[in-house]
Amino acid sequence: MKRREFARWVASWGSAATVLQQAQAHAAEAKPEATKETADAHHQQVLARYAHLMGGPKVTFGLLVYPGMFLQDLVGPLTVFESFMNKEIHLIWKNLEPVGNESPGPQALIPVQPTTTFENCPQTLDVLFVPGGVPGTFSMMADEEVLAFLRDRGAKARYVTSVCTGSLILGAAGLLRGYRATSYWDTRDVLKELGAIPSKKRIVVDRNRITGGGVTAGIDFGLTLAAKLRSPDYAKAIQLYLEYDPQPPYNAGSPEKAPRVVRDFLTDMFAGMRETSFALARQAAKKFQ
């Protein structure tokens, strides 16, 4: 290449580079800097674009909270419920004092703050939910104020639901008589005493009664309910949002799968719990005979 031609090539390349730099600068000016405000604006645009997937009438959730409940029984379903776009959630107890462990007992590391009292709870709920947890379940099965509240709201709720031993509380209120239901694996057969039909399924749906098995079944329960309240696709979207992709390190999550020594250990440890559950269930059943 001759010197003069090379000089012209350099000059043209330089001008092209200048144009490219100017275009990049213009694009940078046109695209706003990413901020929390721009992220929120984009989020709202996406919600509007996918309203057909997640939209629907407002869903009113009423979740019983009480001293001695198992925190995960509450938090699993609550995490799913909070993913709804149009919802109203009430954490319900007799008063607005934080609930934790039963007294006497160790101080709760994560107390739960009720948001609504029995008296102020909406009369009609789309979802009435009861978590489980021992020893709190035993106290609730014998607490007539709690049972009366559940009977009243349960008679009008669109869905009457529970996870773990929460089904024993529903049963003690007379809300599972004639319904198939499940519970924690070691108290599942107690449901017979309460007029229910025990099932080994992790999630049991019988008309408007939806019950979940022990503790971790709460997320499965929540997703099952989300599909009914919105759509299966929205339930799947919540599952992906939560990255709920169970891959447990051990295949011991049911009595049928757990090693003999593990099953024997827990069965022995829960022997007193079973006896108490049966005794309280029989006492509650007498009220409906």
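Scanning residues 5 or more positions from TYR159 or on other chains, those with amide H under 5 Å from its amide H are VAL127, LEU128, with H placed 1.01 Å from N in the peptide plane. Spin-label model, GLU88 to ALA271: label points 7 Å out along the Cα-to-beta-carbon direction sit 5.0 nm apart. Pairs of Cα atoms nearer than 8 Å and 6+ residues apart set the relative contact order; for the range 145-289 it is 23 percent. Note that the range 77-91 has calculated 3J(HN,Hα) couplings of x, 4, 4, 5, 4, 5, 7, 5, 7, 10, 8, 9, 10, 10, 9 Hz, one per residue in order, obtained from phi through the Karplus relation 6.51 cos²θ - 1.76 cosθ + 1.60 (θ = phi - 60°); glycine and proline are x. Of (1) 21.8; (2) 19.6; (3) 23.8, which is the value of Kirkwood radius over Cα pairs in Å derived from the coordinates here? Of the labelled values, this structure produces (1). Seen against the Cα atoms of the chain and their longest principal axis, helix 217-229 is set at about 70 degrees.
Under 5 Å between amide hydrogens, built in the peptide plane, is the criterion, and for HIS90 it picks out PHE61, GLY62, LEU63 among residues at least 5 positions away or on other chains.
Taking a ≥ b ≥ c as the square roots of the Cα gyration tensor eigenvalues, with a/c under 1.5 meaning rounded and otherwise prolate when a/b beats b/c, else oblate, which class fits the range 201-278? Please list the in-between numbers first.
Numbers: a/c = 3.48, a/b = 1.66, b/c = 2.09.
Verdict is oblate for the range 201-278.
Compared with the alpha-carbon gap, the fully stretched path from SER254 to ILE197 is longer by 18.6 nm at 0.36 nm per residue. With the charge dipole of the chain set up from +1 on Lys and Arg Cβ and -1 on Asp and Glu Cβ about the Cα centre, the Cα lying farthest toward the positive end among the listed residues VAL112, MET54, TRP185 is that of MET54. Residues considered: PHE278, PHE270, PHE118. Largest GNM mean-square fluctuation over the chain, using C-alpha springs under 10 Å, is found at PHE270. A Gaussian network model of the chain, with springs between Cα atoms under 10 Å, assigns the largest mean-square fluctuation among MET140, MET69, MET269 to MET269. In the context of the full protein assembly, LYS58 retains an accessible surface of approximately 100 Å², using a probe radius of 1.4 Å and ignoring ligands and nucleic acids. For the range 228-246 versus the range 59-90, the spacing of their alpha-carbon centroids is 16 Å. Expressed as an acute angle from 0 to 90° and rounded to the nearest 10, what is the orientation of the C-alpha long axis of helix 232-241 relative to the principal long axis of the chain? That helix lies at roughly 70 degrees to the long axis.
Using a probe of 1.4 angstrom, how much of the accessible area of the range 182-255 is carbon and sulfur, in percent?
Values: 1990 of 3800 Å².
Using a 1.4 Å probe with all protein chains present, the range 182-255 comes out at 52 percent carbon and sulfur.
Ordering 180-191, 159-170, 144-155 by mean Cβ neighbour count within 10 Å, with the highest value first, yields 159-170, 180-191, 144-155. Annotation: per residue accessible area for the chain equals 56 Å², rounded to a whole number [probe 1.4 Å, protein chains only]. 3J(HN,Hα) along the range 170-176: 4, x, 5, 7, x, 8, 10 Hz, from the Karplus curve 6.51 cos²θ - 1.76 cosθ + 1.60 with θ = phi - 60°, whole Hz, x for Gly and Pro.
Taking θ as phi - 60° and the Karplus parameters 6.51, -1.76 and 1.60, the scalar couplings of the range 270-283 work out to 8, 4, x, 5, 4, 4, 5, 4, 5, 4, 5, 5, 5, 5 Hz in sequence order, x denoting glycine and proline. Amide H to amide H, with H built 1.01 Å from N, ALA196 comes under 5 Å of GLY178, counting only residues 5 or more places away or on other chains. For the range 187-286, which GluC sites (Glu not before Pro) are in a loop by DSSP, counting at most 12 other Cβ atoms within 10 Å? The qualifying sites are GLU243, GLU256. Secondary-structure-derived ellipticity at 222 nm for the chain, considering helices only, amounts to -14000 deg cm²/dmol, per-run term -39500 (n - 2.57) for DSSP H runs with n ≥ 4. Based on Cα atoms of the range 128-253, Rg over Rh with Rh as the Kirkwood radius reads 0.98. Under 14 Å Cα to Cα from LYS200, which aspartates and glutamates show up? Leave out anything in the same chain fewer than 8 places away. Result set, ordered by chain and number: ASP186, ASP189, GLU256.
Taking 8 Å as the Cα distance limit and 6 or more residues as the minimum spacing, I'd like the relative contact order of the chain as a percentage. Taking the mean separation of contacting Cα pairs over the length of the chain, I get 16 percent.
Taking the charge dipole of the chain about its Cα centre, with +1 at Lys and Arg Cβ atoms and -1 at Asp and Glu Cβ atoms, the residue from VAL215, PRO198, PHE70 reaching farthest to the positive side is PRO198.
The values are calculated or read from the model by the stated rules, or taken from the named source; none is laboratory data. Keep in mind it's a predicted model, so treat the numbers as computed, not measured. Backbone-built Cβ (ideal geometry, glycine too); neighbour counts: all protein chains shown. Remember, those area values only see protein heavy atoms, side chains included, never the ligands or the DNA or RNA. Shrake-Rupley method; radii C 1.70, N 1.55, O 1.52, S 1.80 Å.
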